[in-house]
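See below for the structure under consideration.
What follows is calculated from the coordinates using simple rules that are stated; it is not laboratory data. Because the structure is predicted, anything quoted here is derived from the model rather than measured. A quick note on method: Cβ atoms are made from the backbone with ideal geometry, for glycine too, and the neighbour counts reach across all protein chains shown.
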Amino acid sequence: MQSGRWKVLAGCLLGVALLLSGVTPAVGADDQAIRIGAFFALSGPAATIGTPTKLVAQMVVDRINKTGGIGGRKLDLVVGDTESEPTRALMEAKRLVEKEKVVAVIGPTRTDEGLAVKPYFEDTAHVPVIMTIGGDPVIAGGKFGPFRWTFKTPQRTSVAVKKVYDHLRSRKLTKVALLTASDGFGKDGLAWLDQLAPEFGIEIVAREVFAVSDTDMTPQIIKTRETGAQALICWTIGPAGARVAKNVKQLGLTIPLIQCHGQPDPKYIELAGEAAEGSIMPATKLMVVDQLPDSDPQKAVIQEFIKLYTEEYKYDKQYPINTHSGYAWDAIYLLANALRQVGSDPEKLRAAIETTQGYVGVSGIFSLTPEDHNGLGTDSMVMVKVEKGKWVMLQP
C-alpha cells in the first residue's frame, strides 16, 4: 500500500515538474486532437456513393496525421450515417456538433440531406460545413437562404449545365428534350437547364419527369420522340440513369443521350451494359487522368490520389473510382489548409475557407469568394463519352 502511494506521489511530482518546465506530458496527447465531423449515406439508396466517400475522408485524415497533423495536433474523424434520409441527416448533424463537439463537418451525400441540415448550420450551429452534394441550392442564396457557413466541393449544377450546353453548341445541336428526376437534385438540374438555355441558343422542346425509384422511363421517353429533339438530357444520380440508358436503347432512339455530372461511374457502365455505349456526360478530370496533358496542374494531384486509393488502401477492389471519389479529399484539405492558417476558432475558420485561392484539388482548382462557396468553373470539368466500355475525353 505504501509503495502505491509513493508511485502516485511520484507521478504527481513528475507532472508538476513537466508543467513548470514547459513540457506537455505525452499521456493523454490524443485529447488535443482536432475533431472533425463526417456524415454520409452509409446505408440506404445512396450508400454506394456515401460509403466510399467516408473511406476517402478517413484516407485523407490518415495522410495528414502521418505527416504531422495540424501544427502537431492530429485530426480525429467522427463519423455518422445519414441513412440516405434528410431527417436522419439532421439528427446526425446535431449529434456531431452538440455532443461530439466537432470544429467543422464534412458531408452529407444527397442534395435533399444538404437542404435539411443547412438551416441548422446557418441559424444554430455556426460551424463550417463543407458538403459533398451535387445540388446548388445549399449555396445559391436568394430564396434558399444565406450560406455563410455552408460550402460544397462538387461542381455546381449550373457549372455542369454550362459544360453540357457548351458541348451541344459546339456540335450545333439546338433542340433538346429534358428527362429529370423528381428529387431535389433533379429539380435543381431542371431549373438550371431552363434558366441557361437561352444563353446558349438552346430550345427545350420537351420536359419529362420521373421518380428515382421508377423502373421504366419508357413512357416519358416516347413523348420526346416526336418533338424534333436533337439530344436527350437526363438529370439524375445513381441507378436511375442506367435505366434511362436501357430504355433509350430499347426504343431505338438515335439522338445523343447526355447524362449529368453525377453519372461518370463504372457502376453506370456495369448497370447499363451495352446501352451505356455512346453516352456523353460532364465529369471531373479524375475519370480521364491518363488523357490529360502533363501541363495540367491537377494531373499530379489526381495521380497521387489514385495511387493511395488503389495501391495503398485498395478501396477500388470494392468501390471503383468514380467522379464522386475526390469530393471528400478536397473537402478535408480545404478545411485542413484553413486550420493551419487560423486554428479552430469557428468564425476565423469560416473566413479562411471562404477566401481560399488556387487550391489544386482532385475535382478542380478551387478559388472561393463570399459570393461563391464552391469556387470551381467549367474548366474543372471535361466532357466524356463511353466507348467500348471506357471513358474517353472529348475535345473541348
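Taking the convex hull of the alpha carbon positions in the range 354-396 and averaging its projected area over all directions gives 3.7 nm². Karplus-based coupling profile of the range 40-51, in residue order and whole Hz: 9, 7, 8, 8, x, x, 9, 5, 5, 9, x, 5, with θ = phi - 60° in 6.51 cos²θ - 1.76 cosθ + 1.60 and x standing for Gly or Pro.
A crude spin-label estimate for the pair residue 345 and residue 392, with each label 7 Å from Cα along the Cβ direction, gives 5.6 nm. Summing Cβ point charges (Lys, Arg +1; Asp, Glu -1) relative to the Cα centre of the range 158-260 gives a dipole of roughly 360 debye. Across all Cα pairs in the range 312-380, the calculated P(r) in 5 Å bins from zero up to the longest distance comes to 3, 16, 23, 22, 14, 10, 8, 3, 0 percent per bin. Beyond 32 Å in Cα-Cα separation lie the following of the pairs 74/299; 118/223; 187/317; 299/388; 94/246; 163/223: 118/223; 187/317; 94/246. Dividing the Cα radius of gyration of the range 158-260 by its Kirkwood radius returns 0.93 for Rg/Rh. The residue list 165, 132, 145 was ranked by how far each Cα lies along the charge dipole of the range 129-172 toward its positive end, using unit charges on Cβ atoms, and 165 comes out on top. What percent antiparallel are the DSSP beta bridges of the chain, to the nearest 5? If we restrict to bridges inside the chain, about 30 percent are antiparallel.
Taking θ as phi - 60° and the Karplus parameters 6.51, -1.76 and 1.60, the scalar couplings of the range 292-305 work out to 7, x, 4, 6, 6, x, 6, 4, 5, 5, 5, 4, 5, 4 Hz in sequence order, x denoting glycine and proline.
Taking amide H as placed 1.01 Å from N in the peptide plane, the amide H of residue 359 sits under 5 Å from that of 366, each at least 5 places away or on another chain.
In this label model, residue 203 and residue 277 are separated by 3.3 nm, measuring between points 7 Å along each Cα→Cβ vector. How far apart, in nanometres, would the label points at residue 87 and residue 371 be if each is projected 7 angstrom from Cα along the Cα-to-Cβ direction? Going from the residue 87 label point to the residue 371 one covers 4.0 nm.
The dipole here belongs to the range 258-334: it is taken about the Cα centre, uses +1 on the Cβ of Lys and Arg and -1 on the Cβ of Asp and Glu, and is about 160 debye. For the range 293-349, the list of chymotrypsin sites (Phe, Trp or Tyr not before Pro) that fall in a loop by DSSP and count at most 16 other C-beta atoms within 10 angstrom reads 313. Start at zero, step by 5 Å, and the Cα-Cα distances of the range 103-234 spread as 2, 10, 18, 18, 16, 13, 10, 7, 3, 1, 0 percent across the bins. For a modelled paramagnetic label at residue 126, 7 Å from Cα along Cα-to-Cβ, the residues of the range 96-119 in reach, with backbone nitrogen under 20 Å, are 96-106, 117-119. Here the Karplus curve 6.51 cos²θ - 1.76 cosθ + 1.60, taken at θ = phi - 60°, turns the phi angles of the range 267-280 into couplings of 5, 4, 5, 5, 6, 7, x, 4, 5, 6, 4, x, 4, 10 Hz, with x standing for Gly and Pro. Within the straight-line cut-off of under 15 Å between alpha carbons, the aspartates and glutamates reachable from residue 314 are 62, 304, sequence neighbours fewer than 8 places apart in one chain being disregarded. Charges were assigned to the Cβ only: +1 to each Lys and Arg, -1 to each Asp and Glu. The resulting dipole of the chain about its Cα centre is roughly 380 debye. What fraction, in whole percent, of alpha-carbon pairs in the range 240-396 exceed 25 Å separation? Roughly 39 percent, rounded to a whole number.
Could you work out the Rg to Rh ratio of the chain, with Rh taken as the Kirkwood radius (inverse of the mean 1/r over all Cα pairs)?
Radius of gyration relative to Kirkwood radius: 1.05.
Amide H contacts of residue 206: 178, each under 5 Å away and 5 or more positions distant or on a separate chain (H built 1.01 Å from N in the peptide plane; Pro and chain starts excluded). The fraction of Cα-Cα pairs per 10 angstrom bin, counted from 0 for the range 36-127, comes to 18, 47, 28, 6 percent, rounded to whole percents. Mind checking which of 89, 275, 71 is farthest towards the positive end of the chain's charge dipole, using Cβ charges of +1 (Lys, Arg) and -1 (Asp, Glu) about the Cα centre? Value computed over the given set: 71.
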